[in-house]
Amino acid sequence: MFSAYYLQIMILVGINIIMATSLNLITGFTGQLSIGHAAFMSLGAYAAALATLKLGLPFFASLLFGALLAAVFGVLIGIPTLKLKGDYLAIATLGFGEIVRIVFLNLKITGGAVGLRGIPKSTTLLWVIIAAILTIFILNRILRSRVGRALIAIREDETAAESMGINTTYFKILAFGVGAFFAGLGGGLFSHYFQYIHPGSFGFLRSIEHLCMVVLGGMGSMWGSIIGAAALTAIPEFLRASADYRQLFYGAILVLMMRIRPEGIIGERRSRRKPPQSKDKKLGKINIFKVIGR
Amino acid sequence: MLQERVNNGYILDAVQLTRSFGGLKAVDRVDFFIRDKEIAGLIGPNGAGKTTLFNLFTGHYQPTEGDIYLHNEKIGGLKPHQITAKGIARTFQNIRLFGGMSVLDNVLIGGHSRTSTGLLGAIFQNSKDRKEEKEARENALFLLSFVGLETKKDELSRNLAYGEQRRLEIARALAADPKLLLLDEPAAGMNPQETNNLMQLISRIRDKMEKTILLIEHDMRVVMGISERIAVLNYGKKIAEGSPQEIQRNETVIEAYLGVSA
């Protein structure tokens, strides 16, 4: 139907939509700046690949296994970092990401620096589309419920949220757990498409890439993350024509975007009941500095 | 003596409550009680420890010494969210609304401790969760109409006028269905018209909703106008307690506010 090249781009777009929307739950909606999202992805990728290779689990079960394992680590990273805010939390999640990478680099079962090969190519475009839609659907349901309101309240004002009876500790861990679950799902799809993973696939830069998608699209906006993920996956490919300047253009787009629209492509439009007042640009912004805590 | 106080039927009872910050005793061995369905006032010069006392009641600070009882149940040492669940809700001196959320959502969050839908309930939305959400919305809309903000329900709360934000904070606190409502300077920054409306609102909350109210307020017209009993703090110590008339005549209170005459 499509050439292999376009198929690969579309699959990557789908996986990145899962990554960006799940990170948006943690960073955009709950306000917890995380730059270790690739670590959850790698946990899911390795766990799902090993489940297929060593345990012989069917594809679907491997995906679920990877996602659940990532969720467990999401909760585990949530517990020690709870008291941290803004940039301190960012550094801690960065450290966590590096630990995960280095552990995979040194473990026998994960193949060390060589990584894992010969993973069956089970991921199809259909699987990715189903997974992405399911992710968006579930995250949307969460966000429009009592749970989602609690998460957004924590972002808006943690002290006030506590006074409303919200157990902020519990809900922050929950955000990390759910976000990590879907990141793990994305990882499982990733490893079963490329058939080969190594620790370098999930480095610090990939976490930054996920964060860029969320910020560029608009923090706290589901559509923003979807568009951000699609744009930042596709743009580098379109820029292939000017191979030498590709990264330069890519960087320039990010700089310009933050200069012109720091609230992202779809900043603020996170509520389906968007009142006319919020069109006011000055009032409608959620910018990165608020989440960093400056 | 202590046992006697505890079983006195007070809704809130603080015994020898002390909170130190380093060497400073912001609240110093304060005995304080609130009767059921009463409107009580808490006054004192700036820095007297009024807000610290509030923060002790709501669990934002832990007592250094002393105990707090809500309906004879010890609540000192509990976390804020646990105390809200037990029945104390508050507003803040510097308004702390969830600015990026709609007015209705703010009130819905206030009802957090009275609802129970969890992660799985949010995802699968069975009939129980849908019913709970529907009831929470109805209740929130009722509270918004009670404070006169029903037409603003879809606006972002940060876009409301100042007086409206104060009223929204009260509606949000009421959504927690508290036994005791703590208002921290509700009239601060209000014009006379808004202040009048606020005083009526506070009386209506007590009369129609049968809540007990404790307010900190600098506007003497408000405190003296609606409080039935007033406690005065100065330098962390309670220096007087009584009816508004008694407080107005109290020498120690006058001294604390105006200084000692030469």
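Out of B:Glu217, B:Glu251, B:Glu210, B:Glu255, which single residue is modelled with pLDDT under 95 and touching a helix residue (DSSP H, G or I) at 6+ places or on another chain (Cβ under 6 Å)? Of B:Glu217, B:Glu251, B:Glu210, B:Glu255, the one residue that is modelled with pLDDT under 95 and touching a helix residue (DSSP H, G or I) at 6+ places or on another chain (Cβ under 6 Å) is B:Glu217. Residues in region B:122-145 that are more than 10 Å from every other protein chain (Cβ to nearest Cβ) and crowded, with 17+ Cβ neighbours inside 10 Å: B:Asn139, B:Ala140, B:Leu143, B:Leu144. Go through the residues of region B:222-230 one by one and say whether even a single one is closer than 22 Å to B:Thr52 by Cβ and part of a strand (DSSP E or B). Within region B:222-230, one or more residues are closer than 22 Å to B:Thr52 by Cβ and part of a strand (DSSP E or B). Would a scan of region B:77-93 turn up a residue that is among the hydroxyl-bearing types (Ser, Thr, Tyr), within 11 Å of another protein chain (Cβ to nearest Cβ), in contact (Cβ under 8 Å) with a residue 60 or more places away in the chain and not in a helix (DSSP H, G or I)? Yes, region B:77-93 has at least one match. In this structure, B:Ile68 does not qualify as surrounded by 19 or more Cβ atoms within 10 Å (Cβ to Cβ) and closer than 25 Å to A:Met219 by Cβ.
Going by the conditions given, is A:Gly74 buried (at least 23 other Cβ atoms within 10 Å of the Cβ) and under 18 Å from the mean Cα position of the chain (by Cα)? When the stated conditions are applied, A:Gly74 passes them. Would you please name the residue that is farthest from B:Gly118 (Cα to Cα), looking only at residues in region B:128-159 that are of a type in the set (Gly, Ala, Ser) and touching a residue at least 12 places away in the same chain (Cβ under 8 Å)? Ranking the candidates gives B:Gly148 first.
Check whether at least one residue in region B:121-133 is small (Gly, Ala, Ser), touching an Asp or Glu at 6+ places or on another chain (Cβ under 8 Å) and farther than 22 Å from B:Asp219 by Cα, and report yes or no. Yes, region B:121-133 contains at least one residue that is small (Gly, Ala, Ser), touching an Asp or Glu at 6+ places or on another chain (Cβ under 8 Å) and farther than 22 Å from B:Asp219 by Cα.
Residues that are assigned to a helix (DSSP H, G or I) and among the hydroxyl-bearing types (Ser, Thr, Tyr) were ranked within region A:203-225; the one that is surrounded by the fewest Cβ atoms within 10 Å (Cβ to Cβ) is A:Ser207. For region A:157-178, the set of residues classified as under 17 Å from A:Ala67 (Cβ atoms) and among the basic types (Lys, Arg) is empty. If only residues of region A:168-210 that are within 11 Å of chain B (Cβ to nearest Cβ) and of a type in the set (S, T, N, Q) are counted, the one that is farthest from B:Pro178 (Cα to Cα) is A:Thr169. Residue check: B:Lys37 meets all listed conditions (1) away from chain A (no Cβ under 12 Å); (2) within 27 Å of B:Phe142 (Cβ to Cβ); (3) not in a loop (DSSP other than H, G, I, E, B) but one, namely (3). Here are A:Gly200, A:Gly228: which of them is within 19 Å of A:Gly36 (Cβ to Cβ), assigned to a helix (DSSP H, G or I) and over 14 Å from the mean Cα position of the chain (by Cα)? Unique residue meeting the criteria: A:Gly200.
When A:Leu107 is tested against (1) among the hydrophobic types (A, V, I, L, M, F, W, C); (2) surrounded by fewer than 20 Cβ atoms within 10 Å (Cβ to Cβ); (3) within 18 Å of the chain's Cα centre (by Cα), just one condition goes unmet, and that condition is (3). State whether one or more residues within region B:100-121 are part of a strand (DSSP E or B) and within 11 Å of chain A (Cβ to nearest Cβ). Yes, there is a match, as at least one residue in region B:100-121 is part of a strand (DSSP E or B) and within 11 Å of chain A (Cβ to nearest Cβ). No other residue among B:Thr212, B:Thr252 is of a type in the set (Ser, Thr, Tyr) and buried (at least 22 other Cβ atoms within 10 Å of the Cβ) apart from B:Thr212. Answer yes if at least one residue in region B:188-211 is of a type in the set (Asp, Glu) and in a helix (DSSP H, G or I), and no otherwise. Checked against the condition, which is being of a type in the set (Asp, Glu) and in a helix (DSSP H, G or I), region B:188-211 yields at least one hit.
Out of the helices (runs of 4 or more DSSP H) lying entirely within region A:103-184, which hold 3 or more residues that are over 30 Å from B:Arg166 (Cα atoms)? So the answer is A:125-143. When each of A:Phe176, A:Phe182, A:Phe190 is tested for being buried (at least 24 other Cβ atoms within 10 Å of the Cβ) and touching a strand residue (DSSP E or B) at 6+ places or on another chain (Cβ under 8 Å), the lone residue that passes is A:Phe190. Selection of first residues in region A:139-160 that are on the phi > 0 side of the Ramachandran plot and of second residues that are part of a helix (DSSP H, G or I) and not hydrophobic (A, V, I, L, M, F, W, C), restricted to Cβ pairs under 8 Å at least 6 apart or on distinct chains, gives an empty result. Just for region B:156-189: of the residues that are on the phi > 0 side of the Ramachandran plot and more than 12 Å from chain A (Cβ to nearest Cβ), which one is surrounded by the fewest Cβ atoms within 10 Å (Cβ to Cβ)? Per the criteria, the residue is B:Gly189.
Filtered by the rule that a residue be within 28 Å of A:Met222 (Cβ to Cβ), crowded, with 17+ Cβ neighbours inside 10 Å and of a type in the set (Val, Ile, Thr), region A:110-134 gives A:Thr123, A:Val128.
Of the residues making up region B:113-121, at least one is polar (S, T, N, Q) and touching a Ser or Thr at 6+ places or on another chain (Cβ under 7 Å).
Among the numbered conditions (1) farther than 17 Å from A:Ile154 by Cβ; (2) at the interface with another protein chain (Cβ under 9 Å from one of its Cβ atoms); (3) modelled with pLDDT of 95 or more; (4) crowded, with 20+ Cβ neighbours inside 10 Å, tell me where B:Leu149 comes up short. B:Leu149 satisfies every listed condition except (2). Of all residues in region A:155-167, which are surrounded by fewer than 24 Cβ atoms within 10 Å (Cβ to Cβ) and more than 7 Å from chain B (Cβ to nearest Cβ)? Hits for region A:155-167 are A:Arg155, A:Glu158.
The values are calculated or read from the model by the stated rules, or taken from the named source; none is laboratory data. Note that the coordinates shown come from a computational prediction; the quantities given were computed from them, not determined experimentally. A quick note on method: Cβ atoms are made from the backbone with ideal geometry, for glycine too, and the neighbour counts reach across all protein chains shown.
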